[in-house]
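Notes to accompany the following structure.
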There are 6 protein chains.
Amino acid sequence: MLFKRGLRNAFIQGVFLLNRAAPRMVGEAYTLRYIPAREDVDQLGAFEGRGHPQREAIEACPPGHVLVMDARRDASAATGGDILMTRLMVRGAAGIVTDGGLRDTPTIEKLELPVYCGSRSAPLNLVRHHAVDAQVPIGCGGVAVYPGDVVVGDAEGVVVIPAKMVDDVAKEAETQTQFEDWVEMKVKEGRSIFGLYPPNAETKAEYEAWRAKQR
Amino acid sequence: MLFKRGLRNAFIQGVFLLNRAAPRMVGEAYTLRYIPAREDVDQLGAFEGRGHPQREAIEACPPGHVLVMDARRDASAATGGDILMTRLMVRGAAGIVTDGGLRDTPTIEKLELPVYCGSRSAPLNLVRHHAVDAQVPIGCGGVAVYPGDVVVGDAEGVVVIPAKMVDDVAKEAETQTQFEDWVEMKVKEGRSIFGLYPPNAETKAEYEAWRAKQR
Amino acid sequence: MLFKRGLRNAFIQGVFLLNRAAPRMVGEAYTLRYIPAREDVDQLGAFEGRGHPQREAIEACPPGHVLVMDARRDASAATGGDILMTRLMVRGAAGIVTDGGLRDTPTIEKLELPVYCGSRSAPLNLVRHHAVDAQVPIGCGGVAVYPGDVVVGDAEGVVVIPAKMVDDVAKEAETQTQFEDWVEMKVKEGRSIFGLYPPNAETKAEYEAWRAKQR
Amino acid sequence: MLFKRGLRNAFIQGVFLLNRAAPRMVGEAYTLRYIPAREDVDQLGAFEGRGHPQREAIEACPPGHVLVMDARRDASAATGGDILMTRLMVRGAAGIVTDGGLRDTPTIEKLELPVYCGSRSAPLNLVRHHAVDAQVPIGCGGVAVYPGDVVVGDAEGVVVIPAKMVDDVAKEAETQTQFEDWVEMKVKEGRSIFGLYPPNAETKAEYEAWRAKQR
Amino acid sequence: MLFKRGLRNAFIQGVFLLNRAAPRMVGEAYTLRYIPAREDVDQLGAFEGRGHPQREAIEACPPGHVLVMDARRDASAATGGDILMTRLMVRGAAGIVTDGGLRDTPTIEKLELPVYCGSRSAPLNLVRHHAVDAQVPIGCGGVAVYPGDVVVGDAEGVVVIPAKMVDDVAKEAETQTQFEDWVEMKVKEGRSIFGLYPPNAETKAEYEAWRAKQR
Amino acid sequence: MLFKRGLRNAFIQGVFLLNRAAPRMVGEAYTLRYIPAREDVDQLGAFEGRGHPQREAIEACPPGHVLVMDARRDASAATGGDILMTRLMVRGAAGIVTDGGLRDTPTIEKLELPVYCGSRSAPLNLVRHHAVDAQVPIGCGGVAVYPGDVVVGDAEGVVVIPAKMVDDVAKEAETQTQFEDWVEMKVKEGRSIFGLYPPNAETKAEYEAWRAKQR
């Protein structure tokens, strides 16, 4: 459906879901951007007090939103750990996506919160990443993410839907899913995919007739 | 055993088994080749009617065969989804191997069919891959696959055995597995691996004696 | 804690735990080094008799130690299989870490022994790796490993702690873990991370008071 | 201009020009496809007699054509050397492009023939590559190449133009180049790029007036 | 000298100098940030009128500054071409650094302006890159670059010096270079490096004596 | 010729010649091994006094030998600079090969000494590399190098020849080069490669006749 609208690059590459028991993820993107760490700036004291962009983002990400982090696809160090993920869950976040690493993943994977990362990675973010600003357009896993885009995730991965296309895409997705469920049923009955998927005129008519009967 | 026959490159690199509950995979290779997509050719209409090489391959792959796809090791887009995998299963395919991505993997991983891919990847194949021909020699995961080679897979991965070596290798594999099971037993009893694995003359005699007794 | 001591590179990159049911891994490093294989040297006969560095290492790695293998981060061939891993387990090894591949992983993953590798990889080590010497300083997954360093692993991965820092780090780790458990509890109760993590003076006092009460 | 026609992927990635003194390259693609080598097939005798696809392709590539080779972007071994490149030059080829390696590059780089490769690479093609067929659609450096497409190269690299777009693109390229030369002149005179590049109505009028005067 | 100040990561990785005849580059960083392109936003019309961040940056980068572009180390498309580079030169820029690609490199490499890029790359930036904002902290080739940092380049590559360290580093660099020139002279005379490089007390005295004589 | 002797992996991958004016390189390998740096060990003081393996190797590498360095193919930091390369030249080394980086490359590339590296790289070796021992078997660019192997380099790259094969290979190389020069001549005269390269019986006879006449 995004392809039909001209989008060829909406699937975040190189991340996976840590918590397989989590619900499907849907929410607006709240973005956080990292640049490479620099040793004179990124010392342990950095997190103290208010004002650190990563900590601020965690307390600012609104309920129902997905925190999406741009770590330049470098997963050799963490961009967060279990305490921060738990805080986000308690605050009502819909999920977390980072193309960097996460630490404490054995704990995180037990949360009932969809969390996607590039790698299980114990090193502190200060080793490699410096949080710099939030709610700016970012890249994550090779995909543009603008604040307010809708971020959708399942066990396969994460897709980013531009804000303005969301309603259309949601409607079409439902229709498409129903049709594909019917196709799946036909395939299991032994039907060839020729003329079925994609459907020719005859198949379309057959499907519509079937749908009419279901109501 | 392939090493002994001079083959150093028979294990398909960079693919993993989606469905851990699936049976062991053995079957002759039926090959499908993709090249990079080009926007003017690879439009949604491409799959309509007969004649699209991917759809043709799925309806042509004979029962008991393994569909092996060459996607140039680019797993950033799918080379198939659950409907096509289900159709292959219904038609009696022995398994599927692609060094590209697959979509709908949460559904595919529940099929009782061995399916190997390079990545879980939602984007439509048209974004990146153009199916061009079937039953030609291909590369898959860095390994040459000729139509008719025997493709064997377990939870570790996939090995390609040249057609002409299959009978010999199968016999030797059985012998070797029995011997290694016995070695494993001895190791569990506390035996050192020196002289045991690989076996010296004494160990060989001991094993033969043990085997004779088993019959 | 390693970061505080100036170490930014102690987490072995690119390896994963095969046996999720295994106990936590702690032990001194026993090292084994591989270089690229060369066809005239690395023939099947190589393992016969005593004297092959890989087989020697497996019989020499002391109980309670972790065998750490430097395979130049090339996981396209194995650096061992189930028989060798079983032998190590029987001999009392605390675990195995390799940045190369391992074969027979479906069997290995059932052992009650922590085994970390770069990939499931069927090809024989002779195809790519030549064991050359043991108990020398090596690199593994981008990290320096000196014989005698302490190697610690959990489901997230493996950290290497320089021998001379081990006692200090162990003490501090316990303290830190207790504090983080308390923080986790507070976060679950709904506390903001500001002033909590990292803690300000007030939070530190609160934690000390709580600890005093626990005893 | 290809972008305007919807093509986003026409530049062959990862190849460079060996012979900087060579003329600009333009010609129709004559394609050659390699798969991974297999030790039992790819022996030194392979090239003897007629019938080897690589040797056949070199003698069949028509004058004025560009030989484009698909080596799966693996440049760790050669796909040709100076003797074959010289033969192609003598036969009147317009150029050579391979995403594999080439050997004897110190000699090849002195030829007055545009030759592009992925790497200088001494190993014989048999080590890694098996030539399998010619004049089929291929991928080269991540780009689809169909026999008959027009392949254009300069010191920057190589672009593939679909056969059916060639005339249009050629005309437009000339127009565009003339305009950009004029823009370059204006920029050197100190003009800001706002309104100049891309041009607004005023700039377009100025350019047309200037062109009219030139005739 | 940066190492002595605790900086281990100041060299921009993966870029090279296009114009070998250019002067040494020194200037303050003026930064420009790209995110991945998205098809609905990044159309040809994008550059028209004022307001496009890339074009704005080119007209805003002050004389004597270095334009540093963060293209997420993706050099498969351009982040600029000869017209923009020429405009920067005319406006008095001290140089350009991008970890993306540049187009028209055969023309750019003849400019008397130091230009560093990740690759020669013909595709339009719209294919892959979307300029989003300027004068924010960025990453370039794995290094943090803050507006106002000093960017220094020669034929080897580019180093980023934090603003606050510049004066100290500059002084020390001069001293160090003079000393290394003297060491080079001694080495050419046949002196061993032991005690010379790094210098022991005796060598230091010898050098100081020599320097005193030079004045 | 190495292929004929069963060696498929003798070409050092990923290095290039810095000094194009240098003579062809031939010499026995003197090896130096690096592991990843560790911050507590690899401080500036490390090089002081005798005993540092890198400095020792530079003073120990015998005249006529090639210093080959194993930097684990990580070229993001230097494994040496102009002073060390100059010292090696003065001591009579036949050349240097490293799969790591080198610093001061603008100076090194003017030396009349063949120097091969993985990248131009300014960062000090201490940032990434720790020299650990010399004259042990190593890997360099994916190839096994044993002390005493013969290392041969030209503008294309570097090949490693096992000590025991050197005499045979040298003789055969001369014969082969003479034959290929004759083939090149024939190809320039317009001869087809069929039957010529590789030669059939007739061609072999023709070549022998031609050679006989030359004497």
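Condition check ((1) part of a loop (DSSP other than H, G, I, E, B); (2) in contact with a Phe, Trp or Tyr (Cβ under 6 Å, 6 or more places away or on another chain); (3) at the interface with another protein chain (Cβ under 9 Å from one of its Cβ atoms)) across all residues:
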site	(1), (2), (3)
D:M1	yes, no, no
D:K4	yes, no, yes
D:N9	yes, no, yes
D:Q13	yes, no, yes
D:E39	yes, no, yes
D:M85	no, no, no
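Based on this model, can you work out whether E:D149 counts as buried (at least 22 other Cβ atoms within 10 Å of the Cβ), touching a residue at least 12 places away in the same chain (Cβ under 8 Å) and of a type in the set (D, E)? For E:D149, the condition - buried (at least 22 other Cβ atoms within 10 Å of the Cβ), touching a residue at least 12 places away in the same chain (Cβ under 8 Å) and of a type in the set (D, E) - is met. All conditions but one from (1) facing another protein chain (nearest Cβ under 8 Å); (2) out of contact with any helix residue (DSSP H, G or I) (no Cβ under 7 Å at 6 or more places or on another chain); (3) not in a loop (DSSP other than H, G, I, E, B) apply to F:R73; the one that does not is (3).
Answer yes if at least one residue in region B:48-62 is over 21 Å from A:E156 (Cα atoms), among the small types (G, A, S), assigned to a loop (DSSP other than H, G, I, E, B) and at the interface with chain A (Cβ under 10 Å from one of its Cβ atoms), and no otherwise. Looking for residues that are over 21 Å from A:E156 (Cα atoms), among the small types (G, A, S), assigned to a loop (DSSP other than H, G, I, E, B) and at the interface with chain A (Cβ under 10 Å from one of its Cβ atoms), one finds at least one in region B:48-62, hence yes. The single condition from (1) within 16 Å of the chain's Cα centre (by Cα); (2) under 23 Å from E:I35 (Cα atoms) that A:A57 fails is (1).
If only residues of region B:180-198 that are touching a residue at least 12 places away in the same chain (Cβ under 8 Å) and not in a helix (DSSP H, G or I) are counted, the one that is nearest to the other protein chains (Cβ to nearest Cβ) is B:Y197. Taken as a whole, the structure leaves A:D133 outside the set of residues that are closer than 26 Å to A:P162 by Cα, under 15 Å from the mean Cα position of the chain (by Cα) and among the charged types (D, E, K, R). For region A:199-214, the set of residues classified as assigned to a helix (DSSP H, G or I) and within 13 Å of chain B (Cβ to nearest Cβ) consists of A:A201, A:E202, A:T203, A:K204, listed by residue number. Of the residues making up region C:76-87, those that are surrounded by 24 or more Cβ atoms within 10 Å (Cβ to Cβ) and more than 18 Å from the chain's Cα centre (by Cα) are C:A77, C:R87. When each of E:P123, E:P106 is tested for being within 7 Å of another protein chain (Cβ to nearest Cβ) and part of a loop (DSSP other than H, G, I, E, B), the lone residue that passes is E:P123. Taking the numbered list (1) surrounded by 23 or more Cβ atoms within 10 Å (Cβ to Cβ); (2) free of Cβ contacts under 8 Å to residues at least 12 places away in the same chain in turn, C:T105 passes all entries but (2). Restricting region F:15-37 to residues that are within 14 Å of chain C (Cβ to nearest Cβ) and of a type in the set (A, V, I, L, M, F, W, C) leaves a set whose member that is nearest to C:D40 (Cα to Cα) is F:A29.
All conditions in (1) more than 10 Å from every other protein chain (Cβ to nearest Cβ); (2) surrounded by fewer than 24 Cβ atoms within 10 Å (Cβ to Cβ) hold for F:G45, with the sole exception of (1). Taken as a whole, the structure leaves A:V90 outside the set of residues that are under 12 Å from the mean Cα position of the chain (by Cα) and modelled with pLDDT of 95 or more.
Okay, residues lined up against (1) within 20 Å of D:D149 (Cα to Cα); (2) free of Cβ contacts under 8 Å to residues at least 60 places away in the same chain; (3) out of contact with any Asp or Glu (no Cβ under 9 Å at 6 or more places or on another chain); (4) of a type in the set (A, V, I, L, M, F, W, C):
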{"residue": "D:M69", "(1), (2), (3), (4)": "yes, no, no, yes"}
{"residue": "D:A78", "(1), (2), (3), (4)": "no, yes, no, yes"}
{"residue": "D:D82", "(1), (2), (3), (4)": "no, yes, no, no"}
{"residue": "D:M85", "(1), (2), (3), (4)": "no, yes, no, yes"}
{"residue": "D:L88", "(1), (2), (3), (4)": "yes, yes, yes, yes"}
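Looking across region E:181-193, the residues that are in contact with a helix residue (DSSP H, G or I) (Cβ under 8 Å, 6 or more places away or on another chain) and within 18 Å of F:A93 (Cα to Cα) come down to E:E184, E:V187, E:K188, E:G190, E:S192, E:I193.
Identify all residues within region E:87-103 that are under 17 Å from E:C140 (Cβ atoms) and not in a strand (DSSP E or B); write none if there are none. Across region E:87-103, the qualifying residues are E:L88, E:A93, E:A94, E:D99, E:G100. Out of A:E189, A:E156, A:E172, one residue alone is at pLDDT 95 or above, surrounded by fewer than 16 Cβ atoms within 10 Å (Cβ to Cβ) and of a type in the set (D, E, K, R). It is A:E189.
Residues that are within 14 Å of chain A (Cβ to nearest Cβ) and more than 22 Å from C:I96 (Cα to Cα): list the strands (runs of 3 or more DSSP E) wholly contained in region C:128-179 that include at least 2 such residues. Show your work before the answer.
Numbers: elements: C:129-134, C:138-140, C:143-145, C:150-153, C:158-161.
Counting at least 2 such residues, we get no strands (runs of 3 or more DSSP E) at all.
Take E:A29 and tell me if it is more than 17 Å from E:L88 (Cβ to Cβ), touching a strand residue (DSSP E or B) at 6+ places or on another chain (Cβ under 7 Å) and either modelled with pLDDT of 95 or more or crowded, with 21+ Cβ neighbours inside 10 Å (or both). Here the answer is no, as E:A29 does not meet what is asked. Number of residues in region D:109-120 that are in a loop (DSSP other than H, G, I, E, B) and among the hydroxyl-bearing types (S, T, Y): the value is 0. Tell me, which residue of region C:194-208 that is of a type outside the set (K, R) and out of contact with any helix residue (DSSP H, G or I) (no Cβ under 7 Å at 6 or more places or on another chain) is farthest from A:A57 (Cα to Cα)? It comes out as C:E208.
The values are calculated or read from the model by the stated rules, or taken from the named source; none is laboratory data. Keep in mind that what you see is a predicted model, and the values were worked out from it rather than measured. Note that each Cβ is placed from the backbone with ideal geometry, even for glycine, and that neighbours are counted across all protein chains shown.
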